[in-house]
Amino acid sequence: MDLYQLEYVSEIEKTRNISKAAENLHISQPTLSIYLSKLEKSLGISLFIRQKNTLVPTEAGEKYVDACRRILTIRDELYRELFSENQSSVRLGILRTTVPIFNEILQELKAEFPLITFLPQIFSSEAVYRELTEGRIDLGFVTSYEENVKKIFPKADHTIVKSYELMLMISRSNPVYGQLEFQDGCLAERSYPLLARLPIFHGQNGMVQRRMREDVFPALGFEPKWKEGVIDIEFMFQAMVLEDSYTILPASRIQGGDVAQIPFLFHPQVKRLFIYPARHHLSQPERELISRMIRAYENISYYYDVVLP
């Protein structure tokens, strides 16, 4: 059992509520419910009983929670002892879009590892890799548009945090949208030529452009009519609606704008992941950061969070 799973049981007992515990743990409520059900089934006993809207520990549950907390206390004491005479820092390279979630997790880790200083800096994915290989950061959080992560980050090892599907983004007011046909909830192959009539917005990131040129559009079977690359996602969506164009982006949460997100039959993926120097031995604070980011991203089903007028 991983130590963070002990925190699951401890938090359920503390809050007496699955939804609140899941919120505090930064995981989804179904994930936590499934974990508790599997744990009780494996033990062959009930740890909690439901009384109205409250989860109350059974006698066995109280003993289990007590053991969990004692183990976690031993862990915390060990960490303090290990790092008490070894104050150090972890230099991070992160993406601008991930700042809020990093801020929250780093605040938690600051309390757990008081003598470790986390030093985040904001870069693009390609710049994170450059900073890592040149020794200016220890750990990077990046996006890979390549299926083969080693192809784009050959000198680094990695841990995948989350994969997102690349989707066709098109306004429902676009005349072409009404002509599109679907197969199993995806864009039907016979509709691909309809997209060839439209210009496409694309980002300025070189890695994104390579994936589009070398993989996505060969699968679609046509050469796109590129629009000038833009950085601002909200502007891209607004211009796309006004100019009857389209774009291809990772699955996102789009509020307003009446934009459809349509998967492709070949289901291209992009990944968010940590990279670190090849054969680098991750420290306990680094491992804990990665573990908490994975748990947090279990409940984040979108890549961009866009609000349109």
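General remarks:
- Alpha-carbon geometry of the stretch 5-160: the Rg and the Dmax are 19.8, 58 Å, given in that order.
- Which label in [x] 56, 47, 38; [y] 52, 50, 36; [z] 66, 53, 33 gives the computed Cα extents along the principal axes in Å: [z]
- Comparing P120, P199, P100 in a Gaussian network model of the chain, where Cα atoms under 10 Å apart are tied by springs, the biggest mean-square fluctuation is seen for P100.
- In this calculation the C-beta distance from E59 to S291 is compared with R0 = 35 Å, giving a FRET efficiency of 0.65.
- Pairwise label distance in nanometres, E126 with L308, each label 7 Å out on the Cα-Cβ vector: 2.7 nm
- Residue among Q51, Q107, Q255 with the largest mean-square fluctuation in a Gaussian network model of the chain, springs linking Cα atoms under 10 Å: Q51
- Rg/Rh for the stretch 88-170 stands at 1.01; both radii use Cα atoms, and Rh follows the Kirkwood definition.
- Three principal axis extents of the stretch 221-309 based on alpha-carbon atoms, in descending order, are 50, 31, 26 Å.
- Relative contact order, percent, the stretch 155-223 [alpha-carbon distance under 8 Å, six or more residues apart]: 20 percent
- Modelled FRET efficiency - R0 30 Å, D258 with Q209, Cβ distances, 0.05 increments: 0.65
- Relative contact order (percent, whole number), the stretch 143-302, Cα cutoff 8 Å, 6+ residue spacing: 44 percent
- In the chain, the longest principal axis of the Cα atoms and the axis of helix 284-297 are about 60 degrees apart.
- Residue-wise HN-Hα couplings along the stretch 139-147, as the Karplus relation 6.51 cos²θ - 1.76 cosθ + 1.60 with θ = phi - 60° gives them from phi, are 8, x, 10, 9, 10, 10, 8, 8, 5 Hz; Gly and Pro carry x.
- H280 paired with Q183, simple spin-label distance in nm, labels 7 Å along Cα-to-beta-carbon: 4.3 nm
- Annotation: extensible slack from K38 through L72 equals 10.1 nm (criterion: 0.36 nm per residue apart, minus Cα-Cα distance).
- Here the gap between L119 and S89, fully extended at 0.36 nm per residue and compared with their Cα-Cα distance, gives a gain of 10.1 nm.
- Structure-based [θ]222 nm, the chain - -39500 (n - 2.57) summed over DSSP H runs of at least 4, per residue, nearest 500: -12000 deg cm²/dmol
- Where only alpha carbons of the stretch 164-221 are counted, the Rg and the Dmax (Å): 12.2, 32
- The stretch 108-259 has equivalent-ellipsoid semi-axes of 35, 18, 15 Å, by the square roots of 5 times the alpha carbon gyration tensor eigenvalues, sorted largest first.
- Evaluated with a Cβ-only charge set (Lys, Arg +1; Asp, Glu -1), the chain carries a dipole of roughly 200 debye about its Cα centre, given to the nearest 20.
- Value of relative contact order over the stretch 220-304, rounded to a whole percent, pairs C-alpha under 8 Å and six or more apart: 41 percent
- Cross-link partners of K151 among aspartates and glutamates (Cα-Cα below 16 Å; sequence separation of 8 or more within a chain): E126, E214, D215
Since every read-out is calculated from the coordinates, none of them should be taken as a lab result. Note that the structure is a prediction, hence the values are computed from the model and not measured. Methodologically, a virtual Cβ is constructed for each residue, glycine included, from the backbone with ideal geometry; neighbour enumeration extends over all protein chains shown.
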